[in-house]
Amino acid sequence: MTPILPTHPTALLRCLGLTILIVAASGCGDNPQTADDKAALQSKSAGEPGTAQPPGCTPAPPDAILPSQRESGHTTLCWGAVGWREPTLNGKALQQQLDVYPARIASSAGAPLVVWAHPNGTSKTITPGDPYHEALVRPALEAGYAFASVEFRHPVVNAPSEPDQPVPHTDLGEALNYLTAHAQALNIDPKNIFLVGQSRGTLGVWTAMQTKAPAPWPKVRAVFGYNAQTSYDGNEFAEWFLVESDRAKFLKAFNEQNPNAERYGSAVRDVSADAPPVQLRYSEPVVEGLISLKDLRQHDPLHYPNFGRVLCEAYARAQAPEGNCQYVADSRINSVARGFYGYISFFNHHRSY
């Protein structure tokens with residue numbers, strides 16, 4: 001599909017593994033690293049099995065939103081009972097919590113809700129004045145939305161290192177279940193839920209594709225992602241983007257780094273006729289043609305811009321004659337402000353009134 005507007009989503013092939021394996025497989029020296037890579041590499045042993053996992057919180061129904069909370073900011077809620085040590089935050093203890101910023105004006109029908117999933121190296125906490133608050137929270141609240149920022153595990157970043165183990169796929173979906181179960185108390189409209197994420201947080205793209213009955217969580221109206229990974233499957237990455245002569249070398253290294261890779265999942269593979277509208281933006285132009293592992297080192301493999309193209313191609317096949325998928329890959333989309341500019345307008349277009 002022809003790209004429209006700028007865009008950017010999130011996390012893929014083990015953040016501390018993909019960069020390493022590209023260097024190893026290509027036989028080259030130091031590889032340029034993204035901030036995601038550096039955070040993960042600096043703490044690759046944090047949170048490994050055998051280290052004590054911190055306790056989770058106790059999920060509880062939220063109290064009704066008070067008028068004072070609409071003015072003062074947000075309230076923190078516990079949506080799940082799991083605790084873990086986060087490798088991209090130097091083993092920091094995290095819990096399944098979320099911050100809810102209520103809509104500024106109460107509505108009898110409930111406010112539409114934006115659910116944000118953060119990139120690696122950050123957490124759910126968004127403070128007033130920082131770039132994410134200005135780019136995400138402020139536009140949502142000014143447009144009459146409520147906003148929730150979720151703490152979550154990722155199927156690649158937080159995957160166990162032993163083989164044949166389950167991976168944490170479903171945190172974002174289960175957080176949606178919590179939010180919609182308590183829609184009345186939170187004054188949100190469960191028919192108008194939207195997902196937005198960056199890098200790791202574009203797990204929301206995969207989450208939104210899980211629409212087959214019985215759906216495990218509520219269907220979202222639309223998804224917006226900045227520097228997104230649309231597949232965590234090493235075989236797909238190799239087939240879509242690498243020259244044939246380098247695929248076996250890549251997959252050998254990838255599978256050694258990722259013993260549970262067959263469980264990671266693929267949003268592209270799960271696109272269906274019921275998949276919601278999606279818009280993706282990337283901070284690097286699309287790469288034409290298949291490339292070698294050596295040439296891949298000149299790009300950001302975690303946020304490879306061609307991920308948007310292959311997702312939109314899957315939409316076009318599943319939702320013929322033209323799928324409801326847009327992507328833009330442009331080096332000028334080089335900041336949080338540019339990555340998310342206009343995202344609320346996209347959601348407004350797909351909102352149910």
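The values are calculated or read from the model by the stated rules, or taken from the named source; none is laboratory data. Predicted, not measured: the structure shown is a model, and the values here were computed from it. Heads up, the Cβs are rebuilt from the backbone with ideal geometry, glycines too, and the neighbour counts pull from every protein chain shown. In case anyone asks, the SASA skips ligands and DNA or RNA and just uses the protein heavy atoms, side chains included. Shrake-Rupley method; radii C 1.70, N 1.55, O 1.52, S 1.80 Å.
Could you please state, rounded to a whole Å, how far the C-alpha centre of the range 86-108 is from the C-alpha centre of the range 141-180? The two parts, judged by their Cα centres, are 11 Å apart. Highest mean packing first, where packing is the average number of other Cβ atoms within 10 Å per residue, the peptides 324-330, 56-62, 292-298, 219-225 line up as 219-225, 324-330, 292-298, 56-62. Taking amide H atoms as placed 1.01 Å from N in the peptide plane, the amide H of Val82 lies under 5 Å from those of Cys57, Gln96, each 5 or more residues away in sequence or on another chain. For the peptides 79-85, 89-95, 304-310, 186-192, the ranking by mean Cβ contacts within 10 Å, running from highest to lowest, is 304-310, 186-192, 79-85, 89-95. Dipole magnitude for the range 98-179: computed about the Cα centre from +1 point charges on Lys and Arg Cβ and -1 point charges on Asp and Glu Cβ, it is near 300 debye. A probe of 1.4 angstrom, applied to the heavy atoms of all protein chains, finds Thr76 with accessible area near 70 square angstrom.
Legend: distances between Cα atoms for Lys249/Lys294; Lys124/Lys212; Lys191/Lys212; pairs beyond 21 Å are Lys124/Lys212.
With bins 10 Å wide beginning at 0, the percent of Cα pairs of the range 252-291 falling in each bin runs 18, 28, 45, 9. Summed over the residues of the range 114-201 and divided among them, the accessible surface reaches 30 Å² per residue at a probe radius of 1.4 Å. Averaging 1/r over every pair of different alpha carbons in the range 250-331 and inverting the result gives a Kirkwood radius of 14.3 Å.
Normalising by the residue count of the range 242-353, find the relative contact order in percent from Cα pairs under 8 Å and 6+ residues apart. Relative contact order for the range 242-353 comes out at 32 percent.
Separation of the range 301-353 and the range 201-263, taken as the distance between their Cα centroids, equals 16 angstrom.
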